[in-house]
Amino acid sequence: MFGRKFARALALASAGLLCTIPAISHAEVDVEIRGNNERTSIKSISALITDIDPKTREITLEGSLGNLITLTAGPELARFDELAVGDMVNATYTSSISGELREPTEEELANPMVVMDAAAVTAPKDEDPGAAVGVTVRAVCTIEGMNRATKTVMLKDPDGDFHIIEDVDPAKMAGVNIGQTVVVTYTEAFALSLDKHTPAK
């Protein structure tokens, strides 16, 4: 499970895409920030609540493209009962991936791929109900290939799967050797907040 999640993270980061948000709506904000061997992408969208199941806490959203997606609100969404069909939900998805070219620690060698505790943030009492959850995956990878002409680097994760990282600055490949280890950290966060208005018909 963790391996599949990490593989998806690498694929999305290398392609400059973000999770499933584009499947439900055009992004209102799409920003990519780079620096210090880290890439951070931010995407914001608005979607309409079309159905709510109080028993299962499932919320169905419709994006501007007409696509539907169903999410399950966890216990961190304490004011779930304030949500209503017809409300507009603002969603922000943030992902970042970074790499450290170094030898792994003994702990990292013993646990080459770990998913760190997710953080949950609930909306303050005087604000609209919302929640933010996040997860961080850390993996010890090895460099299996580099191509300065195509600006790509091939990594192998702890499960033996290979990943191509695109648009890598060739200058960062200087002094790097095949077989070296790189500790990759991938973080993603998904935040929901409620905009208390009914969209114009």
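The values are calculated or read from the model by the stated rules, or taken from the named source; none is laboratory data. As the structure is a prediction and not an experimental result, all values here were calculated from the model. Neighbour counts run over all protein chains shown; Cβ positions are idealised from the backbone, glycine included.
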Residues within segment 36-53 that are buried (at least 17 other Cβ atoms within 10 Å of the Cβ), under 30 Å from Gly99 (Cβ atoms) and modelled with pLDDT of 75 or more, tallied: 5
Filter result for the condition that a residue is surrounded by 13 or more Cβ atoms within 10 Å (Cβ to Cβ) and among the hydroxyl-bearing types (Ser, Thr, Tyr), over Thr70, Thr60, Thr56: Thr60
Residue identified as more than 15 Å from the chain's Cα centre (by Cα), modelled with pLDDT of 75 or more, assigned to a strand (DSSP E or B) and aliphatic (A, V, I, L, M) among Ile59, Ile33: Ile59
Residues located in segment 74-106, provided they are within 20 Å of Ile52 (Cα to Cα), at pLDDT 85 or above and in a loop (DSSP other than H, G, I, E, B): Leu83, Ala84, Val85, Gly86, Asp87
Exclusive hit being loosely packed, with under 13 Cβ neighbours inside 10 Å, closer than 30 Å to Ala78 by Cβ and at pLDDT below 50, set Ala23, Ala27, Ala15: Ala23
Total residues in segment 165-201, condition touching a helix residue (DSSP H, G or I) at 6+ places or on another chain (Cβ under 6 Å) and either more than 19 Å from Pro104 (Cα to Cα) or at pLDDT below 75 (or both): 2
